[in-house]
Amino acid sequence: MANNKSALKRIKVNERRRVRNQTYKSATRTIVKKAEQAIALGTGEETTTSLAAALSRLDKAANKGVIHRNAAARKKSRLMARFHKAEAAAAE
């Protein structure tokens, strides 16, 4: 357990941030999952809308420090690769 006042404060602050980050991370995962499902179902207006929302949310999560910026970039890259692959398959 903490031995001084500043250590107690760090514990409290870290807990507040952990809870805030946890909710934001969960919402981000949900939006990304919806985008992946939309891509799997096919291309269209709904797919591009959900994809844009997912990319935006990943950027915001990285800017807030909820996830690492490289992790956000990796997830965005993989989402876009799936989207382009689905578009190519639909065009055939």
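Within the stretch 33-92, the residues that satisfy the criterion of being closer than 22 Å to THR23 by Cα and of a type in the set (S, T, N, Q) are GLN37, SER50, SER56, ASN63, ASN70. Within the stretch 62-79, the residues that satisfy the criterion of being touching a residue at least 40 places away in the same chain (Cβ under 8 Å) and charged (D, E, K, R) are LYS64, LYS75.
Filtered by the rule that a residue be of a type in the set (Gly, Ala, Ser) and open to solvent by 60 Å² or more (accessible area, probe 1.4 Å), the stretch 23-73 gives a lone residue, ALA40. Summed over the stretch 1-33, residues that are farther than 30 Å from LEU79 by Cα and either under 11 Å from the mean Cα position of the chain (by Cα) or of a type in the set (Lys, Arg) (or both) total 5. Are any residues in the stretch 75-92 loosely packed, with under 13 Cβ neighbours inside 10 Å and in a helix (DSSP H, G or I), and if so, which ones? If the condition is that a residue be loosely packed, with under 13 Cβ neighbours inside 10 Å and in a helix (DSSP H, G or I), then SER77, ARG78, ALA81, HIS84, LYS85, ALA88, ALA89, ALA90, ALA91 are the ones that fit.
The values are calculated or read from the model by the stated rules, or taken from the named source; none is laboratory data. Just so it is clear, the model here is predicted, and its values are computed rather than measured. Note that we place each Cβ from the backbone using ideal geometry, even for glycine, and neighbour counts take in every protein chain shown. The protein model used for the area step is the full one, side chains on, heavy atoms only, and it has no ligands, DNA or RNA in it. Shrake-Rupley method; radii C 1.70, N 1.55, O 1.52, S 1.80 Å.
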